[in-house]
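Each remark here refers to the structure printed beneath this line.
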């Protein structure tokens, strides 16, 4: 009997090639007259790529174990540990609070402890809240549905978090060239904010791994955490300068989580054994 062999390189090549093709095309079309509707469609298609690629990869495989594993991760709410799920949301709220407090050392205001009247971006006339929910669902279905396990099946969760963090960060690159996206907005304001965006995803990857593994590799738990992160980032009135401070706080928080969960991150017991033999 053999275990399913994950193919991370093939998966990521397909995801990057298709997503970037859609999103760079959206960047070009958006600058044409009356091109906003087509641009929005291309953006949406790019967003669907990771999840669709994961679903096709899983359900066209001959591995019953891989298919059962995906169903369990997506449907079985009993995998979620409430203490970890709630704790992760509280942790991110604390990270934001600490970041705002530290930002006062750099001239930022405590008025950031307030809710924004509106979101920082709007695309295609679609509700931004709906877009945030859709982003959390589609990204996690792709990343936790196949992408993260595809790397972790060969290395420790620590190495996986590092590799995936870099890959996940770079995946967003075309969004900086599409008008009205959050990424486009911060690039216009200050190129260093773009750099901060890329760097901040690295420690965030370690936090997502912690949520994922601690909740028995639950996609649902990661969707909830992803949505929490997106909503807090959007609704709390943090300045972009404070978000740079937040990156340092994220690294500190990720470091503490790793130190408290060394066996989770550095053990290799799971390597080659994420799925049972068939």
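The values are calculated or read from the model by the stated rules, or taken from the named source; none is laboratory data. As the structure is a computational prediction, the values presented were derived from the model and not from experiment. Reconstructed Cβ throughout: ideal geometry from the backbone, glycine too, with neighbour counts over all protein chains shown.
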### Summary
By residue number, the members of segment 248-278 that are in contact with a helix residue (DSSP H, G or I) (Cβ under 6 Å, 6 or more places away or on another chain) and surrounded by fewer than 17 Cβ atoms within 10 Å (Cβ to Cβ) are 251, 266, 276, 278
### Task
Specify which of the listed residues (173, 232, 227) is closer than 29 Å to residue 37 by Cβ, at pLDDT below 95 and either in contact with a helix residue (DSSP H, G or I) (Cβ under 9 Å, 6 or more places away or on another chain) or surrounded by fewer than 20 Cβ atoms within 10 Å (Cβ to Cβ) (or both).
227
### Query
Just to be sure, is residue 196 surrounded by fewer than 21 Cβ atoms within 10 Å (Cβ to Cβ) and within 22 Å of residue 86 (Cβ to Cβ)?
no
### Task
List the number of the failed condition for residue 77; all other conditions in (1) modelled with pLDDT of 95 or more; (2) surrounded by fewer than 13 Cβ atoms within 10 Å (Cβ to Cβ) hold.
(1)
### Task
Answer yes or no: is there a residue in segment 180-194 that is touching a residue at least 12 places away in the same chain (Cβ under 8 Å) and more than 25 Å from residue 116 (Cα to Cα).
no
### Query
Quick check: anything in segment 227-235 in contact (Cβ under 8 Å) with a residue 24 or more places away in the chain and in contact with a strand residue (DSSP E or B) (Cβ under 7 Å, 6 or more places away or on another chain)?
yes
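Listed here are the residues, each with its yes/no results for (1) touching a helix residue (DSSP H, G or I) at 6+ places or on another chain (Cβ under 7 Å); (2) at negative phi; (3) surrounded by 14 or more Cβ atoms within 10 Å (Cβ to Cβ); (4) free of Cβ contacts under 8 Å to residues at least 60 places away in the same chain.
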| residue | (1), (2), (3), (4) |
| --- | --- |
| 24 | yes, yes, yes, no |
| 32 | no, yes, no, yes |
| 38 | yes, yes, yes, yes |
| 43 | yes, yes, yes, no |
| 47 | yes, yes, yes, no |
| 51 | yes, yes, yes, no |
| 54 | yes, yes, yes, no |
| 60 | no, yes, no, yes |
### Message
Go through segment 1-22 and report how many residues are part of a helix (DSSP H, G or I) and surrounded by 14 or more Cβ atoms within 10 Å (Cβ to Cβ).
### Response
11
### Query
What do you reckon, is residue 245 surrounded by fewer than 19 Cβ atoms within 10 Å (Cβ to Cβ) and more than 23 Å from residue 150 (Cβ to Cβ)?
no
### Entirely in segment 187-278, the helices (runs of 4 or more DSSP H) that have 1 or more residues that are over 28 Å from residue 51 (Cα atoms)
191-214, 240-260, 262-266
